[in-house]
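So the structure is just underneath, and the comments pick up after that.
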Amino acid sequence: MLKKKELLKKLTAFIENAVATASDRNALDRTWGERQVKAFYKPPKAKREDEKSFFDIIDEYIAKHKLSEQVEKL
């Protein structure tokens, strides 16, 4: 029960913050509220810039480790 109350308080604070920072108060309707609730439960994932691709990691590994000539030709 306490977890539900804490979650409800967080959701209320999230929506109050969204209302306070809304640029157009006339656009606050039911669909806006539904989008805010969805955003609370599933926030958009920010792309991390420090993420390396598989090929970047392999190139880095090859540069750090001495491999035989046959493997390097592949």
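The values are calculated or read from the model by the stated rules, or taken from the named source; none is laboratory data. Remember, predicted model here, so these are calculated numbers, not experimental data. The area values use the complete protein model at the heavy-atom level, side chains included, leaving out ligands, DNA and RNA. Shrake-Rupley method; radii C 1.70, N 1.55, O 1.52, S 1.80 Å.
Over the range 1-49, accessible surface divided per residue gives 99 Å², non-protein components excluded, 1.4 Å probe. The length gained on full extension between THR21 and ALA63, counted as 0.36 nm times the residue separation minus their Cα-Cα distance, comes to 10.2 nm. Stretching the chain fully between LEU7 and TRP32 yields a gain of 7.0 nm (0.36 nm per residue, less the alpha carbon separation).
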